[in-house]
Amino acid sequence: MANASKSFGRWFHQLGSPKWFYQKSAKWLPWLWIATAVLLAFGLYYSLFASPVDYQQGNSVRIMYIHVPAAALSMVGYLAMAICAVIGMVWKMKMSFMAMRAIAPVGALFTFICLFTGSLWGIPTWGTWWEWDARMTSELVLLFLYLGFIALHSSFNDRSKADNAAAILALVGAINIPIIYGSVKWWNTLHQAYSVTKKGAIAPEMQTPLFIMIAGFYLLFAIMVIIRLRLEIMNREAKSKWLQEVIS
Amino acid sequence: MFATLLKRELMLARRNWVGILIPLFFFVMVVSLFPFAVSPEAEFLQQIAAGVVWVAALLSVLLSLDMFYRSDYQDGSLEQLLIMASPTQVALSKVTAHWLVTGLPLVLMSPVLAGLMHLNYSPDANVATSHTAVMMLSLLLGTPTMCLLGAIGMSLSLAASRNGMLVAVMILPLYVPILIFGSAVITASLTNSGYNAQLAILGAILLFALVLTPFAAGRALKVAVS
């Protein structure tokens with residue numbers, strides 16, 4: 001046990017080193033790509049062809065297999081950003097701020113995908129592509145929060161000020177996450193209640209491909225963040241010796 | 001210490017009294033545009049009054065933030081203030097002064113706007129309605145939250161190379177909950193249903209913000225001068 005916590009501590013410290021991460025992540029990326037490709041290919045085949053048609057919604061139910069994973073990642077991404085903000089502010093780890101910066105545009109993208117597929121799904125099932133319902137509104141606010149974060153971070157000449165200011169904004173905005181999560185439970189509006197992991201709420205033939213897609217989206221999100229993070233490292237550590245050696 | 005800081009802010013505000021009147025003019029003018037743009041009919045105006053007054057109040061709080069922070073940052077007195085007192089105290093004194101000087105006058109001015117928007121209109125002239133009083137209550141609980149949240153956005157953008165629009169883009173998403181419940185209070189009053197629950201939520205948001213935001217705003221001020 002002591003050994004395990006020691007090795008975790010070491011791993012955590014190594015994660016704080018841009019050099020270590022830059023070199024290691026180059027080795028992780030191919031494996032991550034393979035795993036993502038396999039999961040997404042299998043998941044997409046399963047969900048778009050092999051899973052059953054919904055007796056009420058017909059084929060439009062298949063939008064769910066993109067919509068739900070994107071929605072999950074939009075929230076998890078913000079949460080990860082807020083956690084990075086805390087770690088960066090408390091322990092002053094520069095990698096943490098870099099990760100925070102790397103997550104923001106990816107999170108915004110997934111939020112947009114969630115809103116976009118949601119409105120596509122809304123047309124055949126609800127008869128409207130947009131409704132001011134609690135969950136849609138708070139997801140839209142989440143997109144605005146991401147955009148506000150990106151806008152703030154890119155408005156500084158001084159990078160450390162940008163990091164610290166944006167971290168505070170990320171934390172303040174994190175209040176929205178429990179609101180989105182709870183919105184369908186607290187306000188009984190158009191969007192259906194949470195049912196993904198609830199027993200018996202969703203048929204197993206639909207749940208399995210959904211889980212595969214969620215796992216695939218998580219990996220895709222991780223890959224996109226890692227690529228951005230590597231660029232961020234290259235950008236910030238441009239003057240350091242190890243990076244110049246790696247590039248040349 | 002807090003009293004000293006507050007006194008300083010209020011004194012500065014008094015010397016800049018025209019700057020304080022501008023948000024109020026703005027508030028009145030924005031609201032009075034709606035009858036021209038939409039429709040001057042009383043029944044119709046009454047329906048949109050709540051939202052219009054709330055959005056106008058929100059924008060004028062947002063636009064008046066600048067004078068409480070910008071000059072202090074530019075002439076270096078913010079740095080001195082942060083040496084003198086804790087960042088939380090400095091932030092809270094600025095928020096309090098901001099609310100006393102713009103938020104409170106907005107609340108006091110709102111009955112005039114309610115009149116312009118025919119908020120108290122009733123098809124039966126003999127029935128008196130209390131919608132205006134309800135609207136004042138909702139603004140009384142809502143404007144302090146606007147000042148508190150605005151303080152974070154303003155402090156964060158102080159050291160940024162572009163500002164103005166930036167504050168709005170950061171803070172407007174955070175204003176959505178109070179806007180929803182604030183105008184829900186008036187809508188509930190218009191339909192003669194209970195509005196205490198919505199008022200209570202506005203009050204709860206205010207208390208929550210009062211505890212947490214001065215700390216965050218103080219941190220942000222500290223980042224700006226670091």
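The values are calculated or read from the model by the stated rules, or taken from the named source; none is laboratory data. Model, not experiment: these values are computed from the prediction. Positions of Cβ are generated from backbone atoms using ideal geometry, with glycine treated the same way; all protein chains shown enter the neighbour counts. Ligands, DNA and RNA are excluded from the accessible area calculation, which covers all protein heavy atoms including side chains. Shrake-Rupley method; radii C 1.70, N 1.55, O 1.52, S 1.80 Å.
Are there DSSP H segments in chain A that both extend 27 Å or more along their axis (alpha-carbon positions) and score a mean Kyte-Doolittle hydropathy of at least 1.0? List them, or say none. Don't jump to the answer; show the numbers that get you there.
Details: long enough: A:18-45 (39 Å, 0.50); A:64-91 (39 Å, 1.75); A:94-126 (47 Å, 1.13); A:134-153 (28 Å, 1.41); A:204-236 (47 Å, 1.11).
Span-like helices here: A:64-91, A:94-126, A:134-153, A:204-236.
Counting pairs of alpha carbon atoms under 8 Å apart in space and at least six apart in sequence, what relative contact order in percent does chain A give?
Details: 252 pairs, mean separation 74.5, N = 248.
Reported as a whole number, the value is 30 percent.
Helix B:87-98 versus the longest principal axis of chain B: what angle, 0 to 90°, nearest 10, using Cα atoms?
Helix B:87-98 and the main axis of chain B meet at about 40 degrees.
Quick one: with all protein chains in place, what share of the accessible area of chain A is carbon or sulfur, to the nearest percent (1.4 Å probe)?
Of all accessible area on chain A, carbon and sulfur atoms account for 68 percent.
Report the accessible surface area buried between chains A and B, summing both sides, using a 1.4 Å probe on protein heavy atoms only, in Å² rounded to the nearest 100. Intermediate results must be reported in sequence, preceding the final value.
Details: alone 13710 and 11100 Å², together 23020 Å².
What A and B bury together is about 1800 Å².
With a point put 7 Å past each Cα toward its Cβ, work out how far residue A:19 is from residue A:60 in nm, to one decimal.
Here the modelled spin labels are 5.7 nm apart.
Where the convex hull is taken over the Cα atoms of region B:58-138, what is its projected area averaged over directions, in nm²? Walk me through the numbers before you get to the answer.
Values: hull surface 25.8 nm².
Mean orientational projected area (region B:58-138, Cα hull): 6.5 nm².
Tell me the angle of helix B:104-116 to the major Cα principal axis of chain B, expressed in degrees between 0 and 90 and rounded to the nearest ten.
The two axes meet at around 20 degrees.
Can you list the residues in region B:198-226 whose accessible area drops by at least 50 Å² when all protein chains are present, compared with the chain alone? Use a 1.4 Å probe, heavy atoms only.
For region B:198-226, once contacts with the other chains are taken into account, B:219, B:223 lose 50 Å² or more.
For the residue pair residue B:22 and residue A:231, what label-to-label distance in nm results when each label sits 7 Å from Cα along the Cα-to-beta-carbon direction?
With each label point 7 Å from Cα toward Cβ, the separation is 3.9 nm.
Around residue A:104, with a cut-off of 13 angstrom between Cβ atoms, what is the net charge of the other residues, counting Lys and Arg +1 and Asp and Glu -1? Please report the intermediate quantities before stating the final value.
On the way: positive: A:101, A:228; negative: A:163, A:232.
For residues surrounding residue A:104, the net value is 0.
Assuming R0 = 30 Å, what is the FRET efficiency of residue B:226 and residue B:10, from their Cβ-Cβ distance, to the nearest 0.05? Each step should come with its number before you reach the end.
Numbers: r = 27 Å, r/R0 = 0.91.
With a Förster radius of 30 Å, E is 0.65.
Kindly rank A:159-169, A:44-54 from highest to lowest mean number of other beta carbons found within 10 Å of each residue.
Working: A:159-169: 22.3, A:44-54: 14.3.
In decreasing order of mean packing, A:159-169, A:44-54 become A:159-169, A:44-54.
Count, for each residue of A:167-179, the Cβ atoms from other chains sitting within 10 Å of its Cβ, then give me the mean as a whole number. Kindly include the intermediate steps, with their values, before the conclusion.
Details: counts 3, 10, 9, 0, 4, 12, 3, 0, 5, 4, 0, 0, 2.
Counting other chains' Cβ atoms within 10 Å and averaging over A:167-179 gives 4.
Give me the 1.4 Å probe accessible area per residue for the protein assembly as shown, excluding ligands and nucleic acids, in Å². Before the final figure, lay out the partial values.
Values: 23020 Å² over 474 residues.
Heavy-atom SASA per residue in the protein assembly as shown reads 49 Å².
Can you pull the one-decimal nm distance between simple spin-label points at residue B:44 and residue A:247, each 7 Å off the Cα toward Cβ?
Result for the modelled spin labels: 6.2 nm.
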